[in-house]
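The values are calculated or read from the model by the stated rules, or taken from the named source; none is laboratory data. All of these numbers come straight from a predicted model, not from anything done at the bench. When we count neighbours, we look across all protein chains shown, and the Cβ atoms used for this are built from the backbone with ideal geometry, even at glycine. Note: accessible area is taken over every heavy atom of the protein model, side chains too, but ligands, DNA and RNA are not part of it. Shrake-Rupley method; radii C 1.70, N 1.55, O 1.52, S 1.80 Å.
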Amino acid sequence: MRRIIEDYLQRIKDKKHLNAFLEVFEDECLAKADDIDLRLANKQPVGKLAGLVVGIKDLISYKDHSLTCSSKILKGFTAKFSATAVERLLLEDAIIIGRQNCDEFGMGSSNKNSAYGRVLNNIDNNLVAGGSSGGSAVAVQADLCMVSLGSDTGGSVRQPASFNGVIGLKPTYGNVSRHGLAAFASSFDVIGILSKDLADNKKVFDVICGKDEFDSSSSDVLIPETKATDKSKKLVYFKQVLESEGLSEEVRSHFETWIQKLKEQGYTVEEANFPLLEYLLPTYYILTMAEASSNLSRYDGVRYGLRAKENDLYGLYSKTRSKGFGEEVKRRIMMGTFVLSAGYYDAYYTKAQRVRSLIKERTKELLKTYDFIISPTAPGPAFEANKEKNSPIEEYLQDIFTVHASLAGLPAISVPMGKTKKGLPTGFHIVANEFEEHALYTFSEYLVTL
Ligand code: GLN
């Protein structure tokens, strides 16, 4: 084990310029490796994940380790407890190698919104890593760890997975405890898993999922196992997705080729109308900004991390928040406060809640007929990082295909769909019914052989 960990640590050093890790737990993971080696030598039992090298997004608590959410506001903050997901990994002897860079509080699609600098895409350093779990995806792609725990509110595991040619699973909402995951938008947030290997992804999922007494929204539904390559599965895609304005030609043609292949293999793949597509992004952004403005009010300079020097209380709050939060986080707090304000609450927040219910209902209806909803994961491959400035709207449009599963609380996976002419990965996105993660895994197993 020690040799393997040393190799990983060396690669992390060699690839330091990628900025994927904010901290590496070098001594700790070597000690853990030695402990596993010793137990193996003494024929003592080891956990199911013994030796699995895992990185965790800097939004996930690990007791007695720093937690910054890639924000200046949490500089110097040490986690008081471990997230349940981390606790479960440790119990099975996974080795946690470090804390990964991400967009501040998980807000973004490029990893440019980190207070600690952007993550570089390892395939082409001029491109973005994707976000918000960009460090987690790049670390897997560059073999700096085997698996990463990311978080996915609207696509933050799946879109960077697609940009980096790896696998990214967003579980059903509530299927993995949120205890110890810093809150962005609580009715959407879920811990997700990135890896190159599907079997590793599933192993980790099986360990971290399930009821947790610390998260009342967690569920204890038993997840059914499914048979591999079940050709009776019915798939649907939306006409509006293929007509979508921002969809790159190459991604469209990859996706169409895959539809063709699946049909040839005997799957039923049908086109459906989903007129709500244009409401997905506005609904997602109104609701998540509202929730974020409320969740992030706890960072006031009194309880956590950064505290600006100021004698009066309101001065302390406003100075700390002005200095501590980055531009995108501030934008979202302001927009969120606006949509929750007395005069606009019904027009925006209540309306968006209604549309969310409608989206959930229609989707549920559709999933009575079909097993999976398929689309590209993102409208294009990784984009240029150094364009003068990507407008926030441009970044929001990245989420057009991923937010559907988030609004509906459904599990979804991104698997590599092939490469563009420039050699950039694209992703194939599959949404299933609640608690059908295993069906996603078995179908993906088949897809990766396509
Ligand atoms: N890109 C999306 C956003 O900025 C998704 C973020 C996420 O899933 N954490 O909100």
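The residues 214, 338, sorted by heavy-atom accessible surface at 1.4 Å with ligands and nucleic acids left out, run 214, 338 from largest to smallest.
Taking loop as defined by DSSP and a crowding limit of 12 other beta carbons within 10 Å, which trypsin sites (Lys or Arg not before Pro) in segment 36-130 fit? Qualifying residues, ordered by number: 43, 80. For segment 115-270, carbon and sulfur atoms together expose 47% of the accessible surface, with a 1.4 angstrom probe and every protein chain in place. Expressed as a whole percentage, what fraction of the accessible surface of segment 296-338 belongs to carbon and sulfur atoms when a 1.4 Å probe is rolled over the protein heavy atoms? About 56 percent, which is the carbon plus sulfur part of the accessible surface.
Take the Cα of residue 91, go 7 Å toward its beta carbon, and the backbone nitrogen atoms of segment 190-217 under 17 Å from that spot belong to 203-216. Rounded to 0.05, the FRET efficiency of the residue 2 and residue 344 pair, given R0 = 51 Å and the Cβ-Cβ distance, is 0.30.
So which of 261/368; 231/368; 75/387; 234/360; 112/421; 15/170 end up more than 22 Å apart, counting from Cα to Cα? Beyond 22 Å between Cα atoms: 261/368; 75/387; 112/421; 15/170. Amide hydrogen proximity for residue 22: with H placed 1.01 Å from N in the peptide plane, the residues at 5 or more positions away or on another chain lying under 5 Å are 99, 100, 101.
Considering the dipole of segment 173-252 built from charges on the beta carbon (Lys and Arg +1, Asp and Glu -1) around the Cα centre, which of 179, 201, 190 is farthest to its positive end? Value: 201. Of all beta bridges that DSSP places with both ends in the chain, some 70 percent have antiparallel geometry. For segment 191-246 and segment 378-450, compute the distance between their C-alpha centroids and round to whole Å. Computed from Cα coordinates, the inter-centre distance equals 13 Å. Taking 0.36 nm per residue of separation and subtracting the Cα-Cα distance, full extension of the segment from residue 360 to residue 264 would add 31.4 nm.
One Cα centroid belongs to segment 89-134, the other to segment 311-338; the line between them spans 24 Å. Remark: segment 189-261 carries 49 Å² of accessible area per residue (probe radius 1.4 Å; ligands, DNA and RNA excluded). When the helices of the chain are scored as -39500 (n - 2.57) per DSSP H run of n ≥ 4 and the total is divided over every residue, the value at 222 nm lands at -11500 deg cm²/dmol. Electrostatic bookkeeping for residue 177 treats Lys and Arg as +1 and Asp and Glu as -1; over the other residues with beta carbon under 13 Å from its beta carbon, the sum is -3.
Heavy atoms of the protein chains alone define the surface here; on that basis segment 292-450 has 48 Å² accessible area per residue at 1.4 Å probe size. From the residues 446, 415, 281, which one has its Cα farthest along the dipole of the chain in the positive direction, the dipole being from +1 and -1 charges on Cβ of Lys/Arg and Asp/Glu about the Cα centre? About the Cα centre, the residue reaching furthest to the positive side is 281. Ranking of 417, 334, 146 by solvent-accessible surface, largest first: 334, 146, 417 (1.4 Å probe, protein heavy atoms only, all chains present). Charge dipole of the chain (Cα centre as origin; +1 on each Lys and Arg Cβ, -1 on each Asp and Glu Cβ, all else neutral): 560 debye, rounded to the nearest 20. Each Lys and Arg adds +1 at its Cβ and each Asp and Glu adds -1 at its Cβ; summed about the Cα centre, segment 194-278 shows a dipole of about 460 debye.
Charge tally for residue 321 (other residues, Cβ to Cβ under 10 Å; Lys, Arg +1; Asp, Glu -1): +2. Would you kindly state the longest site-free stretch of the chain, with sites defined as GluC sites (Glu not before Pro) in a DSSP loop (not H, G, I, E, B) surrounded by at most 16 other Cβ atoms within 10 Å? Longest stretch, sites excluded: 1-212. Here segment 339-398 exposes an accessible surface that is 53 percent carbon and sulfur, computed with a 1.4 Å probe and the other protein chains kept in place. In this Cβ point-charge picture (+1 for Lys and Arg, -1 for Asp and Glu), segment 65-201 has a dipole of about 420 debye about its Cα centre.
For residue 143 and residue 63, the FRET efficiency from 1/(1 + (r/R0)^6), where r spans their Cβ atoms and R0 equals 30 Å, is about 0.65.
Once the dipole of segment 76-147 is set up with Lys and Arg at +1 and Asp and Glu at -1 on Cβ about the Cα centre, which of 144, 84, 113 lies farthest towards its positive end? Of 144, 84, 113, it is 113. Summed over the residues of segment 71-171 and divided among them, the accessible surface reaches 20 Å² per residue at a probe radius of 1.4 Å.
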